[in-house]
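Single-structure report; data block below.
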């Protein structure tokens with residue numbers, strides 16, 4: 001009996017050892033901040049509980065939309081979550097935060113001053129790109145698609161950003177939580193007449209890039225004239241009435257103002273696109289209504305393009321619109337590319 005118990009204990013110990021050996025352990029590649037036991041792939045740099053660079057982290061479970069982890073030293077568990085606006089698989093994003101290689105060698109290769117800033121998780125002028133990456137982690141890829149960019153944009157919170165600006169020597173020239181000065185407005189484009197590609201709501205003469213589904217409407221195919229083009233606004237007027245409007249963008253969109261305007265207003269007359277729809281869909285577009293059974297093209301004309309930070313692709317099975325700043329509408333498409341439900 002004694003031998004049997006000893007054998008069982010040895011086998012159990014071997015099993016535990018094997019399971020432990022199979023545990024996926026990775027290293028934090030920068031200083032990261034947890035907010036309510038959650039680490040966002042947006043890499044918010046405001047307040048939170050710090051995971052220091054080089055910390056050992058055990059991966060507990062990987063899913064399509066999150067990775068559950070545990071800090072080895074403290075035992076604190078957290079969730080690594082993504083955001084659809086980032087446009088990359090969660091596994092790719094996670095690899096930029098945690099990797100099998102200890103970053104100690106990368107830190108040791110830095111200058112003594114850069115090493116100090118990395119350990120403190122702080123920025124300073126003169127830091128190299130590598131030092132910033134180790135101190136703060138990767139900037140969100142939808143605003144900084146390349147580490148070779150001279151400007152890296154980080155988020156302090158969901159509504160606040162700051163930029164790290166690198167000089168020609170590849171070192172930090174400046175950084176600030178204050179908004180970056182807007183470039184001087186560029187001249188209006190040679191093509192100045194455009195047509196509304198959808199029904200667009202406006203409020204007090206402003207058409208928002210979010211396209212809130214409330215307020216008076218500029219009807220589909222309304223012909224407009226561009227008066228001025230700026231970094232965050234495009235001023236235009238309706239040709240028939242002479243009424244002036246402003247198309248307004250802000251930092252939340254993560255997109256160029258002129259590109260957003262061109263998605264809303266096109267040089268080509270849109271009448272033929274409307275005629276290509278079914279009679280029922282044309283009726284709904286004219287009424288600015290969306291109902292089950294409508295095609296994607298009809299929804300696009302009735303309500304306009306969904307804001308890109310929530311619906312980065314028109315091929316998505318769900319398009320998210322805003323009724324107000326606090327109320328969303330989800331248009332879900334079936335396999336036949338027709339509206340299946342509106343929630």
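For this structure, a couple of remarks:
- One residue stands out among those in segment 317-343 that are part of a loop (DSSP other than H, G, I, E, B) and in contact with a strand residue (DSSP E or B) (Cβ under 8 Å, 6 or more places away or on another chain): the one that is surrounded by the fewest Cβ atoms within 10 Å (Cβ to Cβ), which is 343.
- Number of the exception - residue 115 against (1) at pLDDT below 95; (2) over 25 Å from the mean Cα position of the chain (by Cα); (3) within 24 Å of residue 129 (Cα to Cα): (1)
- Of the candidates 246, 290, the single residue that is assigned to a strand (DSSP E or B) and either more than 29 Å from residue 159 (Cα to Cα) or touching a residue at least 12 places away in the same chain (Cβ under 8 Å) (or both) is 246.
- Boolean, residue 3 is at pLDDT 95 or above and part of a helix (DSSP H, G or I): no
- For segment 221-231, the count of residues that are within 16 Å of residue 267 (Cα to Cα), modelled with pLDDT of 90 or more and assigned to a loop (DSSP other than H, G, I, E, B) is nonzero.
- Residue 65 vs. criteria more than 26 Å from residue 166 (Cβ to Cβ), in contact with a helix residue (DSSP H, G or I) (Cβ under 8 Å, 6 or more places away or on another chain) and not assigned by TED's automatic domain parsing to the domain that holds residue 315: yes
- Residues located in segment 109-133, provided they are exposed (fewer than 13 other Cβ atoms within 10 Å of the Cβ) and without any contact (Cβ under 8 Å) to a residue 40 or more places away in the chain: 109, 111, 112, 113, 120, 122
- Listed by position, the strands (runs of 3 or more DSSP E) contained in segment 56-139 that have at least 3 residues being closer than 16 Å to residue 29 by Cα are 56-62, 66-71.
The values are calculated or read from the model by the stated rules, or taken from the named source; none is laboratory data. Note that the structure is predicted; figures quoted are calculated from it, not measured. When we count neighbours, we look across all protein chains shown, and the Cβ atoms used for this are built from the backbone with ideal geometry, even at glycine.
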